[in-house]
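**Student:** This is the structure I have questions about; it appears just below.
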Amino acid sequence: MRQKDAALVCFSGGQDSTTCLFWAKKRFSRVEAVCFTYGQKHSLEIEVARQIAADADVPFQLLDVSLLSQLDTSCSLTNTSVEMDREKPADSYPNTFVPGRNMVFLTFAAILARSKGIFHLVTGVSEADYSGYPDCRDTFVRSLNVTLNLAMDEQFVIHTPLMERDKSEVWELADELGVFDLVRTRTLTCYNGIMAEGCGHCPACKLREEGLRKYLARRQSKRK
(Lines give C-alpha, C1' and ligand atoms only; values in the text may rest on other atoms or scores of the structure.)
Protein backbone atom coordinates (compact mmCIF):
# COMPACT_ATOMS: atom_id res chain seq x y z
CA MET A 1 0.00 0.00 0.00
CA ARG A 2 1.39 3.37 -1.06
CA GLN A 3 2.06 5.88 1.69
CA LYS A 4 1.80 9.22 -0.09
CA ASP A 5 3.11 11.30 2.80
CA ALA A 6 5.91 9.07 4.07
CA ALA A 7 9.69 9.18 3.81
CA LEU A 8 12.61 6.87 4.48
CA VAL A 9 15.77 8.57 5.78
CA CYS A 10 19.27 7.15 5.26
CA PHE A 11 20.38 7.55 8.85
CA SER A 12 23.81 7.20 10.46
CA GLY A 13 23.36 9.14 13.69
CA GLY A 14 25.75 11.87 12.54
CA GLN A 15 25.18 15.61 12.34
CA ASP A 16 23.93 15.64 8.77
CA SER A 17 21.60 12.65 8.81
CA THR A 18 20.16 13.62 12.20
CA THR A 19 19.36 17.08 10.88
CA CYS A 20 17.75 15.42 7.86
CA LEU A 21 15.72 13.11 10.09
CA PHE A 22 14.10 16.06 11.84
CA TRP A 23 13.75 17.94 8.54
CA ALA A 24 11.78 14.97 7.26
CA LYS A 25 9.62 14.84 10.40
CA LYS A 26 8.56 18.44 9.70
CA ARG A 27 7.52 17.61 6.14
CA PHE A 28 6.09 14.10 6.17
CA SER A 29 3.39 12.55 8.31
CA ARG A 30 5.35 9.31 8.64
CA VAL A 31 9.13 8.93 8.73
CA GLU A 32 11.22 5.79 8.98
CA ALA A 33 14.99 5.41 9.21
CA VAL A 34 17.39 2.93 7.67
CA CYS A 35 20.94 2.56 8.93
CA PHE A 36 23.77 0.59 7.34
CA THR A 37 26.64 -1.45 8.67
CA TYR A 38 29.28 -1.50 5.95
CA GLY A 39 32.35 -2.75 7.78
CA GLN A 40 33.11 0.58 9.43
CA LYS A 41 35.77 0.44 12.14
CA HIS A 42 33.47 1.52 14.92
CA SER A 43 29.90 0.37 15.52
CA LEU A 44 28.96 3.03 18.08
CA GLU A 45 27.37 5.14 15.35
CA ILE A 46 24.77 2.41 14.84
CA GLU A 47 23.73 2.47 18.49
CA VAL A 48 23.69 6.28 18.45
CA ALA A 49 21.41 6.23 15.40
CA ARG A 50 19.16 3.61 16.95
CA GLN A 51 18.75 5.66 20.15
CA ILE A 52 18.08 8.95 18.37
CA ALA A 53 15.48 7.26 16.16
CA ALA A 54 13.81 5.69 19.19
CA ASP A 55 13.67 9.00 21.04
CA ALA A 56 12.22 10.65 17.92
CA ASP A 57 9.60 7.87 17.65
CA VAL A 58 10.91 6.88 14.23
CA PRO A 59 10.92 3.19 13.19
CA PHE A 60 14.51 2.05 12.68
CA GLN A 61 15.96 -0.72 10.53
CA LEU A 62 19.58 -1.84 10.18
CA LEU A 63 20.84 -3.34 6.92
CA ASP A 64 24.13 -5.21 6.55
CA VAL A 65 26.09 -4.18 3.45
CA SER A 66 29.49 -5.06 4.92
CA LEU A 67 30.49 -6.65 1.63
CA LEU A 68 31.54 -3.10 0.70
CA SER A 69 34.55 -3.34 3.00
CA GLN A 70 35.75 -6.46 1.18
CA LEU A 71 35.68 -4.90 -2.27
CA ASP A 72 38.16 -2.08 -1.64
CA THR A 73 40.69 -2.44 1.17
CA SER A 74 42.27 1.00 0.72
CA CYS A 75 39.65 2.89 2.76
CA SER A 76 40.73 4.09 6.19
CA LEU A 77 37.17 3.92 7.52
CA THR A 78 36.96 0.16 6.99
CA ASN A 79 40.59 -1.01 7.15
CA THR A 80 42.27 -0.59 10.53
CA SER A 81 45.73 -0.90 8.98
CA VAL A 82 45.26 2.20 6.78
CA GLU A 83 46.21 5.53 8.34
CA MET A 84 43.55 8.17 7.76
CA ASP A 85 44.25 11.10 5.45
CA ARG A 86 43.89 14.30 7.42
CA GLU A 87 43.88 16.44 4.29
CA LYS A 88 42.59 15.79 0.79
CA PRO A 89 45.44 14.64 -1.48
CA ALA A 90 46.07 16.97 -4.39
CA ASP A 91 45.68 14.29 -7.06
CA SER A 92 43.04 11.92 -5.67
CA TYR A 93 40.18 11.43 -3.24
CA PRO A 94 40.92 11.17 0.51
CA ASN A 95 41.17 7.60 1.73
CA THR A 96 38.05 8.15 3.85
CA PHE A 97 36.11 7.76 0.58
CA VAL A 98 34.16 4.49 0.47
CA PRO A 99 33.66 3.81 -3.26
CA GLY A 100 30.01 3.31 -4.16
CA ARG A 101 28.73 3.79 -0.61
CA ASN A 102 26.01 6.32 -1.29
CA MET A 103 24.96 4.49 -4.43
CA VAL A 104 24.59 1.26 -2.46
CA PHE A 105 22.86 2.96 0.47
CA LEU A 106 20.30 4.72 -1.71
CA THR A 107 19.70 1.64 -3.86
CA PHE A 108 19.02 -0.58 -0.86
CA ALA A 109 16.98 2.18 0.75
CA ALA A 110 14.82 2.40 -2.38
CA ILE A 111 14.24 -1.35 -2.43
CA LEU A 112 13.29 -1.31 1.25
CA ALA A 113 11.11 1.78 0.82
CA ARG A 114 9.24 0.23 -2.10
CA SER A 115 8.36 -2.79 0.03
CA LYS A 116 6.81 -0.38 2.53
CA GLY A 117 4.97 1.70 -0.06
CA ILE A 118 7.32 4.65 0.55
CA PHE A 119 8.63 6.65 -2.39
CA HIS A 120 10.37 9.60 -0.76
CA LEU A 121 14.00 9.02 0.21
CA VAL A 122 16.07 11.49 2.25
CA THR A 123 19.86 11.65 2.40
CA GLY A 124 22.27 14.13 3.99
CA VAL A 125 24.79 14.44 1.17
CA SER A 126 26.14 17.89 0.30
CA GLU A 127 28.40 19.25 -2.38
CA ALA A 128 28.73 22.65 -0.70
CA ASP A 129 31.01 21.57 2.14
CA TYR A 130 32.37 18.05 1.82
CA SER A 131 35.57 16.04 1.44
CA GLY A 132 35.60 15.74 -2.34
CA TYR A 133 33.52 12.58 -2.57
CA PRO A 134 32.01 12.17 -6.05
CA ASP A 135 28.87 10.48 -4.70
CA CYS A 136 27.91 13.61 -2.76
CA ARG A 137 27.31 15.62 -5.92
CA ASP A 138 23.88 16.74 -7.04
CA THR A 139 24.51 15.34 -10.53
CA PHE A 140 25.09 11.89 -9.03
CA VAL A 141 21.91 11.98 -6.94
CA ARG A 142 19.80 13.14 -9.88
CA SER A 143 21.27 10.44 -12.09
CA LEU A 144 20.67 7.72 -9.51
CA ASN A 145 17.11 8.95 -8.98
CA VAL A 146 16.38 8.42 -12.66
CA THR A 147 18.10 5.02 -12.62
CA LEU A 148 16.11 3.80 -9.61
CA ASN A 149 12.87 4.91 -11.22
CA LEU A 150 13.74 3.05 -14.41
CA ALA A 151 15.00 -0.03 -12.59
CA MET A 152 11.85 -0.47 -10.52
CA ASP A 153 9.32 1.32 -12.73
CA GLU A 154 8.41 3.63 -9.87
CA GLN A 155 8.55 7.33 -9.11
CA PHE A 156 10.96 7.76 -6.23
CA VAL A 157 11.99 11.24 -5.16
CA ILE A 158 15.38 11.60 -3.49
CA HIS A 159 15.46 14.65 -1.20
CA THR A 160 18.82 16.26 -0.38
CA PRO A 161 18.01 19.12 2.04
CA LEU A 162 21.69 19.81 2.74
CA MET A 163 22.96 19.76 -0.83
CA GLU A 164 23.55 23.52 -1.07
CA ARG A 165 24.34 24.12 2.61
CA ASP A 166 27.80 24.40 4.09
CA LYS A 167 28.35 23.07 7.61
CA SER A 168 27.52 26.38 9.28
CA GLU A 169 24.19 26.35 7.44
CA VAL A 170 23.57 22.76 8.54
CA TRP A 171 23.98 23.92 12.14
CA GLU A 172 21.59 26.77 11.38
CA LEU A 173 19.00 24.37 10.01
CA ALA A 174 19.29 22.16 13.10
CA ASP A 175 18.68 25.26 15.22
CA GLU A 176 15.64 26.20 13.15
CA LEU A 177 14.29 22.67 13.61
CA GLY A 178 14.75 22.91 17.37
CA VAL A 179 17.37 20.16 17.60
CA PHE A 180 20.58 22.18 17.85
CA ASP A 181 21.49 20.85 21.30
CA LEU A 182 20.61 17.29 20.36
CA VAL A 183 22.82 17.44 17.27
CA ARG A 184 25.63 19.09 19.21
CA THR A 185 25.71 16.66 22.13
CA ARG A 186 24.23 13.35 20.98
CA THR A 187 25.37 12.75 17.40
CA LEU A 188 28.47 10.96 16.19
CA THR A 189 30.23 12.50 13.20
CA CYS A 190 33.84 11.68 14.12
CA TYR A 191 35.68 9.19 11.89
CA ASN A 192 37.41 7.90 15.02
CA GLY A 193 34.13 7.04 16.71
CA ILE A 194 34.09 9.70 19.44
CA MET A 195 30.76 11.26 20.36
CA ALA A 196 29.70 14.91 20.06
CA GLU A 197 32.76 17.14 19.57
CA GLY A 198 34.77 14.09 18.54
CA CYS A 199 38.52 13.75 18.28
CA GLY A 200 38.97 17.26 16.90
CA HIS A 201 41.50 16.36 14.23
CA CYS A 202 39.91 14.00 11.70
CA PRO A 203 38.42 15.60 8.55
CA ALA A 204 34.83 15.15 9.74
CA CYS A 205 35.54 16.80 13.10
CA LYS A 206 37.34 19.71 11.47
CA LEU A 207 34.40 20.39 9.16
CA ARG A 208 31.90 20.09 11.99
CA GLU A 209 33.83 22.36 14.37
CA GLU A 210 34.58 25.03 11.77
CA GLY A 211 30.93 25.07 10.74
CA LEU A 212 29.83 25.38 14.35
CA ARG A 213 32.25 28.24 14.99
CA LYS A 214 30.98 30.13 11.94
CA TYR A 215 27.35 29.58 12.81
CA LEU A 216 27.70 30.62 16.46
CA ALA A 217 29.52 33.79 15.39
CA ARG A 218 26.76 34.57 12.87
CA ARG A 219 24.02 33.86 15.40
CA GLN A 220 25.68 36.06 17.98
CA SER A 221 26.02 38.95 15.55
CA LYS A 222 22.31 38.73 14.68
CA ARG A 223 21.36 38.95 18.34
CA LYS A 224 23.28 42.15 18.97
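**Student:** Are any residues in segment 167-205 among the charged types (D, E, K, R) and either closer than 15 Å to Ser126 by Cβ or touching a helix residue (DSSP H, G or I) at 6+ places or on another chain (Cβ under 8 Å) (or both), and if so, which ones?
**Tutor:** Lys167, Glu169, Glu172, Asp175, Arg184, Arg186, Glu197
**Student:** I'd like to know if segment 63-79 contains one or more residues that are in a loop (DSSP other than H, G, I, E, B), surrounded by fewer than 19 Cβ atoms within 10 Å (Cβ to Cβ) and among the β-branched types (Val, Ile, Thr).
**Tutor:** So far as segment 63-79 goes, yes, one or more of its residues are in a loop (DSSP other than H, G, I, E, B), surrounded by fewer than 19 Cβ atoms within 10 Å (Cβ to Cβ) and among the β-branched types (Val, Ile, Thr).
**Student:** Return the residue satisfying two criteria in turn: it lies in segment 180-208 and is open to solvent by less than 10 Å² (accessible area, probe 1.4 Å) and not in a helix (DSSP H, G or I), and of such residues it is modelled with the lowest pLDDT.
**Tutor:** Cys202
**Student:** Consider segment 153-176. How many of its residues are touching a Ser or Thr at 6+ places or on another chain (Cβ under 7 Å) and assigned to a loop (DSSP other than H, G, I, E, B)?
**Tutor:** Number of matching residues: 4.
**Student:** When the residues of segment 104-145 are narrowed to those that are touching a strand residue (DSSP E or B) at 6+ places or on another chain (Cβ under 8 Å) and among the polar types (S, T, N, Q), which ends up most open to solvent (accessible area, probe 1.4 Å)?
**Tutor:** Asn145
**Student:** Moving on to the next point. Is it the case that Leu44 is over 19 Å from the mean Cα position of the chain (by Cα), on the phi < 0 side of the Ramachandran plot and open to solvent by 70 Å² or more (accessible area, probe 1.4 Å)?
**Tutor:** Judged against the criteria, Leu44 is not a match.
**Student:** Further question: Output the qualifying pairs, or none if there are none: Cβ atoms under 6 angstrom, residues six or more apart or on different chains, first residue in segment 20-41 and farther than 19 Å from Leu188 by Cα and in a loop (DSSP other than H, G, I, E, B), second residue open to solvent by 30 Å² or more (accessible area, probe 1.4 Å) and at pLDDT 95 or above.
**Tutor:** Pairs found: Phe28/Asp5; Ser29/Asp5.
**Student:** Before we move on, is Phe97 under 23 Å from Ala49 (Cβ atoms), in a helix (DSSP H, G or I) and not hydroxyl-bearing (Ser, Thr, Tyr)?
**Tutor:** Criteria not met by Phe97.
**Student:** Here is a further query. May I ask you to say which residue of Ser74, Ser69, Ser92 is touching a Ser or Thr at 6+ places or on another chain (Cβ under 9 Å) and hydroxyl-bearing (Ser, Thr, Tyr)?
**Tutor:** Ser69
The values are calculated or read from the model by the stated rules, or taken from the named source; none is laboratory data. Keep in mind that what you see is a predicted model, and the values were worked out from it rather than measured. Every residue, glycine among them, receives a Cβ derived from its backbone with ideal geometry; neighbour counts consider all protein chains shown. Heads up: the accessible areas ignore ligands, DNA and RNA and are worked out on the full protein's heavy atoms, side chains in. Shrake-Rupley method; radii C 1.70, N 1.55, O 1.52, S 1.80 Å.
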